Structures are given as C-alpha cells and as structure tokens.
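Before any comments, here is the structure.
The values are calculated or read from the model by the stated rules, or taken from the named source; none is laboratory data. These figures come from a predicted structure and were not determined experimentally. Cβ placement follows ideal geometry from the backbone for every residue including glycine, while neighbour counts extend to all protein chains displayed.
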C-alpha cells in the first residue's frame with residue numbers, strides 16, 4: 001500500500017524533517033509513505049498542473065473548507081480505501097492555498113481545523129494522523 005503526500009514547498013527546518021521521517025518510519029509496517037515536494041510558484045493556479053500530475057489513487061485535498069472528521073472516522077475511511085486496494089494521495093498547498101481546480105478534481109476535501117496552520121507543520125500533523133488511523137484500524141493502544 002502506498003500513501004502519498006504531495007505538497008508545495010520544502011521543509012526547511014531540520015526538526016520538521018526529523019518529525020516527518022519518524023512518522024514515515026512508524027508507518028513502514030502499514031504502508032509506504034512517499035512525500036513529493038513541488039516548487040512554489042507565484043499563484044496556486046500556477047502550481048495546479050504539477051500537483052494534479054503527482055496525484056494517484058484516491059485524492060484528499062487539505063482545505064479549510066473541507067470536511068472535519070474525528071480520528072476514528074478518518075481511520076475508517078483509510079481502512080475502507082486499503083480494503084479496496086486503493087492508493088491515497090493527500091495534497092497540501094502552499095501558504096497561498098490550493099487552486100480551485102485542484103479542489104474540484106479531488107475525491108474529497110479534508111480539514112483538520114477551522115484554523116490555519118503553517119504548511120510545514122501540517123505535513124507532520126497529517127503524517128501523525130495517518131499513522132494514528134492505521135493504529136486505530138489495527139486495534140493498537142496508540143490512540144486513547
């Protein structure tokens with residue numbers, strides 16, 4: 001099973017890279033986590049083609065207007081896609097957000113909060129929630 005995170009921009013600080021690497025390592029028993037970093041452009045529309053080319057399988061675009069779910073609901077969605085043999089792609093835009101056409105072409109819009117988070121931090125939060133989802137599905141004690 002392959003899970004992709006497609007994001008715009010690079011993780012500049014080592015602590016974000018280390019945190020993301022830790023969750024990728026933990027996820028290795030469940031899936032292969034691939035992170036694709038795309039170059040930032042002047043506008044989200046200029047980034048859209050590269051984002052769409054990088055997407056495979058079931059695509060979740062992270063957007064403030066997306067659906068908010070509990071960790072258990074997220075785990076059920078991930079488990080359902082895994083059971084169906086579908087790969088997943090999660091898209092995180094730049095600090096300017098995502099182009100509307102990326103959101104329209106996604107299979108679902110997902111929001112972690114009504115608040116805005118730095119996109120570097122969001123990668124780590126997303127990776128942790130993906131790991132948590134697999135742990136919930138496995139019945140492990142990680143999620144309390």
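Among the conditions (1) over 13 Å from the mean Cα position of the chain (by Cα); (2) at pLDDT 95 or above; (3) assigned to a strand (DSSP E or B), residue 53 misses just one, which is (3). Inside segment 93-106, residues that are surrounded by 15 or more Cβ atoms within 10 Å (Cβ to Cβ) and part of a loop (DSSP other than H, G, I, E, B) make up a count of 5. Restricting 48, 61 to residues that are closer than 16 Å to residue 100 by Cβ, touching a helix residue (DSSP H, G or I) at 6+ places or on another chain (Cβ under 8 Å), at pLDDT 95 or above and in a helix (DSSP H, G or I) narrows the list to 48. The condition (being out of contact with any strand residue (DSSP E or B) (no Cβ under 8 Å at 6 or more places or on another chain) and without any contact (Cβ under 8 Å) to a residue 60 or more places away in the chain) is satisfied by just one residue among 142, 131: 142. The one condition from (1) over 13 Å from residue 8 (Cα atoms); (2) touching a helix residue (DSSP H, G or I) at 6+ places or on another chain (Cβ under 6 Å) that residue 114 does not meet is (2). I'm told residue 20 meets every condition in (1) closer than 19 Å to residue 110 by Cβ; (2) part of a helix (DSSP H, G or I); (3) over 12 Å from the mean Cα position of the chain (by Cα) except one. Can you identify the failing condition by its number? (3) is the only condition that residue 20 fails.
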